[in-house]
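The values are calculated or read from the model by the stated rules, or taken from the named source; none is laboratory data. Keep in mind that this is a model prediction, so the values were computed, not measured. Positions of Cβ are generated from backbone atoms using ideal geometry, with glycine treated the same way; all protein chains shown enter the neighbour counts.
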Amino acid sequence: DSGVTQTPKHLITATGQRVTLRCSPRSGDLSVYWYQQSLDQGLQFLIQYYNGEERAKGNILERFSAQQFPDLHSELNLSSLELGDSALYFCASSVALVGGAETQYFGPGTRLLVL
Amino acid sequence: EDKVVQSPLSLVVHEGDTVTLNCSYEVTNFRSLLWYKQEKKAPTFLFMLTSSGIEKKSGRLSSILDKKELSSILNITATQTGDSAIYLCAVNSGAGSYQLTFGKGTKLSVIP
């Protein structure tokens, strides 16, 4: 158990719908990362938040957005869902020591299936 | 664009064998290289290698970073069926962010 929690574990929805994935980082971690894992693309970085502020963006679609709240939990919002959005969505957290290398710890993931 | 390549993509060995998994990278502003083990779901952290820590060992697992060759290897000795998993290599690079770029992984199957 990494200490990172994600809800829900599974989500089944229809095309065109909107869903929200939730992540609580490890105690003390200020940085939250979202990743998407699909069979053909592997693990792809989506977006990073640090202490409530967006820090970096990766391969995140405009239909997707995220935020980090004052209590440091984060939500990833996926809208106008398409079949190709079906994937495992992971959240990871780290202490984010500025200027230093850091280790990211992954949550159990949310499996999204779009029908 | 940052790139991480792992080889082989899959590997089948017998219990007790020793395996070597490879990872090569092309990134701007390298910070660290991380190895993860992914079984059923979440990747679990194994090692982090940096310029100041190029070799790590934990039990039967060990890893070395070759900064000159821009590569790393993960060795597993005396493999067990519990070592069956996908092993992911990731590189942390980029100024101001600690995002990870992952390789596609090596699927290791250890048969009794």
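What to note about this one:
- B:Tyr98 aromatic (Phe, Trp, Tyr), away from chain A (no Cβ under 11 Å) and surrounded by 15 or more Cβ atoms within 10 Å (Cβ to Cβ): no
- Which numbered condition B:Lys56 misses (of (1) out of contact with any Lys or Arg (no Cβ under 8 Å at 6 or more places or on another chain); (2) within 11 Å of chain A (Cβ to nearest Cβ); (3) crowded, with 16+ Cβ neighbours inside 10 Å): (2)
- Check on B:Thr18, exposed (fewer than 15 other Cβ atoms within 10 Å of the Cβ), more than 21 Å from A:Leu39 (Cα to Cα), more than 11 Å from every other protein chain (Cβ to nearest Cβ) and at pLDDT 95 or above: yes
- Considered as a group, the residues in region B:21-44 that are among the polar types (S, T, N, Q), more than 11 Å from chain A (Cβ to nearest Cβ) and in a strand (DSSP E or B) include one that is surrounded by the most Cβ atoms within 10 Å (Cβ to Cβ), and that residue is B:Ser24.
- Reported count of residues in region B:51-106, each being of a type in the set (Lys, Arg) and touching a residue at least 40 places away in the same chain (Cβ under 8 Å), is 1.
- Residue, farthest from the other protein chains (Cβ to nearest Cβ), within region A:70-95, restricted to residues that are more than 19 Å from A:Leu43 (Cβ to Cβ) and surrounded by 13 or more Cβ atoms within 10 Å (Cβ to Cβ): A:Ser80
- Restricted to region A:1-37, and to residues there that are assigned to a loop (DSSP other than H, G, I, E, B) and among the β-branched types (Val, Ile, Thr), the residue that is nearest to A:Asp71 (Cα to Cα) is A:Val4.
- Members of region A:99-115 that are within 9 Å of chain B (Cβ to nearest Cβ) and either within 20 Å of A:Tyr49 (Cβ to Cβ) or at pLDDT below 95 (or both): A:Gly100, A:Ala101, A:Glu102, A:Thr103, A:Gln104, A:Tyr105, A:Phe106, A:Gly107, A:Pro108, A:Gly109
- Among the residues of region B:73-90, those that are more than 11 Å from every other protein chain (Cβ to nearest Cβ) and among the β-branched types (Val, Ile, Thr) comprise B:Ile73, B:Ile76, B:Thr77, B:Thr79, B:Thr81.
- Within region B:71-112, restricting attention to residues that are β-branched (Val, Ile, Thr) and in a loop (DSSP other than H, G, I, E, B), the residue that is nearest to B:Val27 (Cα to Cα) is B:Thr77.
- Qualifying residue in region A:38-60 (condition: part of a loop (DSSP other than H, G, I, E, B), modelled with pLDDT of 95 or more and surrounded by fewer than 18 Cβ atoms within 10 Å (Cβ to Cβ)): no
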